[in-house]
Amino acid sequence: MPLDVSIAPRHLTATLFYQQRTSRKPERYVGEPPPGVVPFTGIEDPREVRIEDARGRESEFTLDRNGFALVRAPSRVQDFYNPDEVKSVYYPEVERLLLDTLGASRVVVFDHGVRNAGLPDGRVPSRQVHNDHTVNSAPRRVRDHLGPEAEALLKHRFGVVNVWRPIRGPVLDSPLALCDARTFTEADLIASDLVYPHVRGETSRVEFKPEHRWYYFSEQQRDEVLLIRVHDSADDGRARLSFHTSFENPLAPGAPPRESIEVRTLVFY
């Protein structure tokens, strides 16, 4: 279905939190770190960056060219805060959407998260420029979730795609900014450890480069989803990822806290 292009583009400038590159691999602890250990060992590098509004240009952006895309995808889910309904209704919707949109042969949803800083225990939007995986941790996800099938699947093209949707629209507070894959190289990434109580994962933070070109889709609605390529094993010239972050929207001071759901998937071809 065509997207609503009636909203006039609203370009802006906002602070995005990159990371300085050092000789030490950064670590971020999820939860309480061990005694005497700081929660984050990296050095933030805030930068004022122009973010272009891609409203009216939705069809120009694709996963293969830019690493992200906006598509219209109504959902039958009534309550995105109900994990049982999300798993029984929304997971199959996401799988079908990606099968149809990406031409994949198989899609496996492995996880989802809800953010709403207005709830007492709600998760706040991430302000760090990042990508959820690295070239090392993406295959590990396949092995973690698909066990004996993994090695055969990893012989063929696979990817990790996140599906991001507002629970309530339009999104004014903390919209997502996405970096055009044509404007960075993998050398800009900084592999970082994400440390949980019983497991250590690896994500990518990002070193600032003035060539980076950022976009957002203003006033994203509940029936619009952002597809974000987190990893693609194909090294053939197509975009392999797009890093992203939320940002404080200078055009919407005092807006209600953003409510959103992100579903994380493994995609096989």
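The values are calculated or read from the model by the stated rules, or taken from the named source; none is laboratory data. Everything quoted here is computed from the prediction, not taken from an experiment. With ideal geometry, Cβ positions are generated from the backbone for all residues, glycine too; neighbour counts draw on all protein chains shown. Note: accessible area is taken over every heavy atom of the protein model, side chains too, but ligands, DNA and RNA are not part of it. Shrake-Rupley method; radii C 1.70, N 1.55, O 1.52, S 1.80 Å.
Scan region 151-190 for residues that are among the aliphatic types (A, V, I, L, M), free of Cβ contacts under 8 Å to residues at least 60 places away in the same chain and buried (at least 18 other Cβ atoms within 10 Å of the Cβ) and the total you get is 1. One residue stands out among those in region 234-244 that are within 17 Å of the chain's Cα centre (by Cα) and surrounded by fewer than 23 Cβ atoms within 10 Å (Cβ to Cβ): the one that is nearest to residue 141 (Cα to Cα), which is 240. One residue is enough: does region 79-94 have a residue meeting the conditions touching an Asp or Glu at 6+ places or on another chain (Cβ under 9 Å), touching a residue at least 24 places away in the same chain (Cβ under 8 Å), open to solvent by less than 50 Å² (accessible area, probe 1.4 Å) and not acidic (Asp, Glu)? Yes: one or more hits. The set of residues in region 237-262 being in contact with a strand residue (DSSP E or B) (Cβ under 9 Å, 6 or more places away or on another chain) and either among the aliphatic types (A, V, I, L, M) or without any contact (Cβ under 8 Å) to a residue 12 or more places away in the chain (or both) consists of 239, 241, 251, 261. For residue 144, the stated conditions hold: it is in a helix (DSSP H, G or I) and either open to solvent by 20 Å² or more (accessible area, probe 1.4 Å) or over 17 Å from residue 231 (Cα atoms) (or both).
Please work out if residue 202 is at negative phi and either surrounded by fewer than 16 Cβ atoms within 10 Å (Cβ to Cβ) or modelled with pLDDT under 95 (or both). Write out each step before concluding.
Values: at negative phi: yes; either surrounded by fewer than 16 Cβ atoms within 10 Å (Cβ to Cβ) or modelled with pLDDT under 95 (or both): yes.
Yes.
Residues of region 101-141 that are β-branched (Val, Ile, Thr), within 22 Å of residue 188 (Cβ to Cβ) and either in contact with a Phe, Trp or Tyr (Cβ under 8 Å, 6 or more places away or on another chain) or open to solvent by less than 50 Å² (accessible area, probe 1.4 Å) (or both): 129, 134. Flag set for residue 55, criterion: open to solvent by less than 30 Å² (accessible area, probe 1.4 Å) and either outside any helix (DSSP H, G or I) or modelled with pLDDT under 95 (or both).
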